[in-house]
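The values are calculated or read from the model by the stated rules, or taken from the named source; none is laboratory data. Fair warning: this is a prediction, and the values are worked out from it, not measured in the lab. Positions of Cβ are generated from backbone atoms using ideal geometry, with glycine treated the same way; all protein chains shown enter the neighbour counts.
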Amino acid sequence: MEKNTPTPEQVDASEEILAKARANRKSIMWGLITAFVIIIAVLIYMFVSQAGSRKADELVAKADAEQVDSLALGLYKNAAEAGYKSGNRAAAEAGIRLYREGKYEEALKYLDDASLDDNIAAAGVYALQGDCHVNLDQLDQALKCYNKAISKADKNPEIVPFILIKEANIYRAQQDYANEAKCYDTILKDYPEYVRSSRVDIKKYYERAAAQAQK
């Protein structure tokens, strides 16, 4: 699949966003559930080809340039209906914007239609689907989406631990402390660099969950 070559400005923007995401790791409560959305937007923009039908290409180009969010959303929605690769990216972009507006059910409709070839971008979409389900209090569905995201991310050291913490939060809300502990244990064993760079004491949360699982 042909990919867009990111400009230096796009690379700088993505690195800045990822740096902010790392700094935000000190919070692992429900606020963390929504933090990933900005990274997803960058990944989709950088890794998904815009080549497709002329109609979809034109609408996506207009939407990318549109400064008014409501108008950009309308253009992305129209482009999504046109299909092709540009339409798939447009569907993902529409889902992101609807999520930001708190329209989680509508966001899911577009995210479900976003068939992305790039695994990292696809992982981001699955993660955002999970976030939508969390906000709709559909925690079992959220876990399914997060598991798909982890599978697609293929041990990516930036993405997988982040999603595992999302899963751990859900298991804790469900009082499933054994699975919560497994999430933290996976991070400790498989992603030591994340543990070292994180401001969150992953070991402490693992030990808390493991102790509660034994009760």
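Figures for the structure shown
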read-out: Count of residues meeting criterion [modelled with pLDDT under 95, of a type outside the set (Phe, Trp, Tyr) and either buried (at least 21 other Cβ atoms within 10 Å of the Cβ) or within 16 Å of Ile165 (Cα to Cα) (or both)] in region 108-119; value: 3
read-out: Test for Tyr99: is it among the hydroxyl-bearing types (Ser, Thr, Tyr) and without any contact (Cβ under 8 Å) to a residue 60 or more places away in the chain; value: no
read-out: Condition met for Gln129 (crowded, with 24+ Cβ neighbours inside 10 Å and not charged (D, E, K, R)); value: yes
read-out: Candidate set from region 48-58 (those that are touching an Asp or Glu at 6+ places or on another chain (Cβ under 9 Å) and under 21 Å from Lys109 (Cβ atoms)); member that is modelled with the highest pLDDT; value: Ala56
read-out: Flag if Asn156 is polar (S, T, N, Q) and assigned to a helix (DSSP H, G or I); value: no
read-out: Test: residue in region 176-190 that is in a helix (DSSP H, G or I) and under 27 Å from Gly87 (Cα atoms); value: no
read-out: Subset tally (residues that are of a type in the set (Val, Ile, Thr) and more than 22 Å from the chain's Cα centre (by Cα)) for region 172-215; value: 0
read-out: Identity of the residue in region 133-175, buried (at least 18 other Cβ atoms within 10 Å of the Cβ) and either β-branched (Val, Ile, Thr) or on the phi > 0 side of the Ramachandran plot (or both), that ends up modelled with the lowest pLDDT; value: Ile159
